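Colleague: Sharing a structure, written as structure tokens. Questions coming.
The values are calculated or read from the model by the stated rules, or taken from the named source; none is laboratory data. Everything numeric in this text was worked out from a predicted model, so none of it was measured. Please note: Cβ atoms are built from the backbone with ideal geometry, for glycine as well, and neighbour counts cover all protein chains shown. Side chains included, ligands, DNA and RNA excluded: accessible areas come from the protein's heavy atoms. Shrake-Rupley method; radii C 1.70, N 1.55, O 1.52, S 1.80 Å.
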Amino acid sequence: MANDAEMMLEVEIFDGSGNFTDWTEQVILALRQKGVLDYAESDMRVGMAKEPDKKKFSNTDSKADGLAVAIILHCLSKSHRKRFIRSTAFEVWTELHKLYGVPNTEDLVSNILELFSFHMDPDDKEGRASAVQYSNLLDKINFTAFS
């Protein structure tokens, strides 16, 4: 039986036209094998106390994130790699799911039904609150459909 160092997983190159779900499963296995799956699935950067909007990696995390990015990019076509060259693993993974992931159909249908049953609140004379509520519902539908 081969140990982890000897075992190599073959992952097909994704160019945007193949089965994204199957490709994702293969990449998850490769990331898990190298112990860096968490870097793709969550933002592992730490916020800085004085500048909360700026985040950075520790040295160890930076190397692990670099490995995760390298694994993901290695499994993408050359044209897809270029757009992610300076991204974190989490950013790459999130963007790929936005571009190619399958929408959650149940949530999407629920949100669309809510949109069709939408009525302006009679107490909202100027319509501002209703407009915001309607806009938020449209955003929810767009997010569900394209994430």
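Colleague: Using each residue's phi in segment 116-121, evaluate 6.51 cos²θ - 1.76 cosθ + 1.60 at θ = phi - 60° and report the 3J(HN,Hα) Karplus result to the nearest Hz, with x for Gly and Pro.
Modeller: 5, 8, 5, 9, 5, 5
Colleague: Return the subset of Lys34/Lys82; Lys78/Lys140; Lys34/Lys140 for which the Cα-Cα distance in this structure is over 25 Å, preserving the input order.
Modeller: Lys78/Lys140; Lys34/Lys140
Colleague: How much length would be gained if the chain were fully extended between Ala129 and His97, taking 0.36 nm per residue of separation minus their Cα-Cα distance, in nm to one decimal?
Modeller: Length gained between Ala129 and His97: 8.3 nm.
Colleague: Then there is this: Can you tell me how much longer the chain between His119 and Gln26 gets when fully stretched, taken as 0.36 nm per residue apart minus their C-alpha distance, in nm with one decimal?
Modeller: 28.9 nm
Colleague: So, one more: For His74, tell me the accessible area in Å² from a 1.4 Å probe, rounded to the nearest 10.
Modeller: The accessible area comes out at roughly 130 Å².
Colleague: Residue separation times 0.36 nm, minus the C-alpha to C-alpha distance between Gln33 and Asn59: what's the value? Let's see the in-between values first.
Modeller: Numbers: separation 26, 0.36 × 26 = 9.36 nm, distance 2.10 nm.
Working it through step by step, the gained length comes to 7.3 nm.
Colleague: Obtain the nm distance between the two label points defined at Glu12 and Leu137 by a simple spin-label model: each point lies 7 Å from its Cα along the Cα-to-C-beta direction.
Modeller: About 4.0 nm, to one decimal.
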